[in-house]
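Q: My questions will all concern the structure given below.
The values are calculated or read from the model by the stated rules, or taken from the named source; none is laboratory data. Here the structure is a predicted model, which is why all the values come from computation and not from measurement. Cβ sites come from the backbone with ideal geometry, for glycine too, and all protein chains shown count toward neighbours. Calculation scope for accessible area: heavy atoms of the full protein, side chains included, ligands and nucleic acids excluded. Shrake-Rupley method; radii C 1.70, N 1.55, O 1.52, S 1.80 Å.
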Amino acid sequence: GCDRRRPQDADGMACQVFGDLSEAARLSRAFVRGIERHWYRDGFVSRLLLPLSWLYCLLVLLRRALYRLGVLRRVRVPAPVIVVGNLTVGGSGKTPLVIWLAKFLRDAGYRPGIVTRGYGGRAASWPQDVQPDSDPEAVGDEPVLLAREAGCPVVADPDRVRAAERLVHRHGCNLIVSDDGLQHYRLARDFEIAVIDGARRFGNGRCLPAGPLREPLRRLDEVQARVVLGEAGAGEWSLALEAHQFHRLEAPEVTASADRFYGQPLHAVAGIGHPARFFGQLRGLGLEIVEHPFPDHHRFREADFAFGDAHDVIMTAKDAVKCERLAGVTGWYLAVAARPDPGFADLMQHWLKEQARG
């Protein structure tokens, strides 16, 4: 402990700094949650923002028209490209599906590689070849998770074309998976997968900033597959996230099942696109949790875990990538695996056969 009233004391100064960081994080979380609430209702704030939403849609449609007319040039790399993305802001289960797809392609005899933007990464130069032990502060949290789980080369670069070319020419990949690249039209693609959050769907159906849509809903008519995390509707494939074991943050080889945590309160931490899904999954496993939602890609600090008790902390695998480097932070993370509808696997297998026939 330290005395906040004595700023000249080193410990007191540290407490003051961490306290300020914690307050900033709290305000950031409150702001994000406040904005998102208006995306999922037909309320006054959303209607007030409609003129900006119309302008946003107009610019999106204009940009797409310029690509169709050839004014803006698409670049085709010497390998088929599969794009996995979503139409809405926020999490939809996209990363686990990308990992599943990379393993599926590898099992089918291909040499896949993953292109990712490296959102949140602060590398001095791009592209970056992402390794399982890469610094998430440099390349982003999702790229590191992909490098650990997908079993194939991963290149992070805001310029997805450059990253894809690197995968082909330097890593020998013969099939590219673009993570979250549905709106990155410069990279020509052969197959598009739109991942949909089955619980939240498309909110109020409006584009940013009045709603959660990155593009108008009719964009879904152009993709080759719609994969829904949850219950699928007509023309959609379902996707489930199956909970595997819990892993110790500071020693991932140490594992535990859910029954290890029964009957005790737990702190559940999630800095992902839709934290409520993770919290619901933990409750579905029979766990008693105190929720701690953070914005997606949140840069965790030690102060974020100052809960004032000795209860275990449980987080997502994506958050663990960042938190394992924090001194004094201990806990567990839940490993999950994507399980798409078998019909989706059949669809991908059929497409691969068509590609092989040329």
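Q: Rounded to whole Å and ordered largest first, report the semi-axes of the equivalent ellipsoid of the chain derived from its Cα gyration tensor (root of 5λ).
A: Working: eigenvalues 244, 122, 92 Å².
Ellipsoid semi-axes (Å, largest first): 35, 25, 21.
Q: Placing +1 at every Lys and Arg Cβ and -1 at every Asp and Glu Cβ, with all other atoms neutral, what dipole size does the range 309-358 have around its Cα centre, in debye to the nearest 20?
A: Around 280 debye, computed over the range 309-358.
Q: Sort out for me the Cα centre separation of the range 273-305 from the range 61-102, rounded to whole Å.
A: 29 Å
Q: Rounded to whole Hz and in sequence order, give me ³J(HN,Hα) for the range 171-178 from the Karplus expression 6.51 cos²θ - 1.76 cosθ + 1.60, θ = phi - 60°, writing x for Gly and Pro.
A: With the stated coefficients, the range 171-178 comes to 9, x, 6, 10, 7, 10, 10, 9 Hz.
Q: Helix 10-39: angle to the longest alpha-carbon principal axis of the chain, degrees 0 to 90, nearest 10?
A: Here the helix axis deviates by roughly 40 degrees.
Q: Related question: I'd like the accessible area for GLU253, computed on protein heavy atoms only with a 1.4 Å probe and all protein chains in place. Round to 10 Å², please.
A: Roll a 1.4 Å probe over it and GLU253 shows about 140 Å².
Q: Something else now. Give the dimensionless ratio obtained when the Cα radius of gyration of the range 265-358 is divided by 2.2 N^0.38 Å. The partial results should precede the final answer.
A: On the way: Rg = 18.1 Å, N = 94, 2.2 N^0.38 = 12.4 Å.
Taking the Cα Rg and dividing by 2.2 N^0.38 Å, one obtains 1.46.
Q: Would you mind calculating the gained length between GLU291 and ALA108 on full extension (0.36 nm times residue separation, minus the Cα-Cα distance), in nm to one decimal?
A: Numbers: separation 183, 0.36 × 183 = 65.88 nm, distance 4.04 nm.
My answer for the length gained is 61.8 nm.
Q: Turning to a different aspect of this structure: Can you list the lysines whose alpha carbon is less than 18 Å from that of LYS94, not counting same-chain residues fewer than 8 positions off?
A: Answer for LYS94, where 18 Å is the Cα cut-off: LYS103, LYS318, listed by chain and number.
Q: Would you list ARG73, ARG148 from the most to the least accessible area, probe 1.4 Å?
A: Output order, biggest surface exposure first: ARG73, ARG148.
Q: For an R0 of 30 angstrom, estimate the FRET efficiency from the Cβ-Cβ distance between HIS171 and GLU253 and round to the nearest 0.05.
A: Step by step, r from the Cβ atoms, then E = 0.60.
Q: Here's a follow-up. Can you list residues whose amide H is under 5 Å from ILE289's amide H, if they're 5+ apart or on another chain and H is modeled 1.01 Å from N?
A: Amide H neighbours of ILE289: LEU266.
Q: Enumerate the calculated ³J(HN,Hα) couplings along the range 58-65 in order (Karplus 6.51 cos²θ - 1.76 cosθ + 1.60, θ = phi - 60°), each rounded to whole Hz, writing x wherever the residue is Gly or Pro.
A: After applying 6.51 cos²θ - 1.76 cosθ + 1.60, I find 4, 5, 4, 5, 5, 4, 5, 5 Hz.
Q: Over the Cα atoms of the range 195-319, how large are the radius of gyration and the largest Cα-Cα distance (Dmax), in Å?
A: That works out to 17.4, 51 Å for Rg and Dmax.
Q: Using unit Cβ charges (K, R positive; D, E negative) and no other charged atoms, how large, in debye to the nearest 20, is the dipole of the chain about its Cα centre?
A: 1560 debye
Q: Further question on the same structure: Given labels modelled 7 Å from the Cα in the Cβ direction, how far is it in nm from VAL45 to ARG63?
A: That separation, rounded to one decimal, is 2.4 nm.
Q: Please name whichever of TYR333, PRO209, HIS244 sits farthest to the positive end of the charge dipole of the chain, dipole taken about the Cα centre and charges placed at Cβ: Lys and Arg +1, Asp and Glu -1.
A: Ranked along the dipole, the leading option is PRO209.
Q: Per residue of the range 290-300, what does 6.51 cos²θ - 1.76 cosθ + 1.60 with θ = phi - 60° give for ³J(HN,Hα)? Whole Hz please, x for Gly and Pro, Karplus curve as stated.
A: Ordered by residue, 3J(HN,Hα) equals 9, 7, 9, x, 10, x, 4, 6, 4, 8, 5 Hz.
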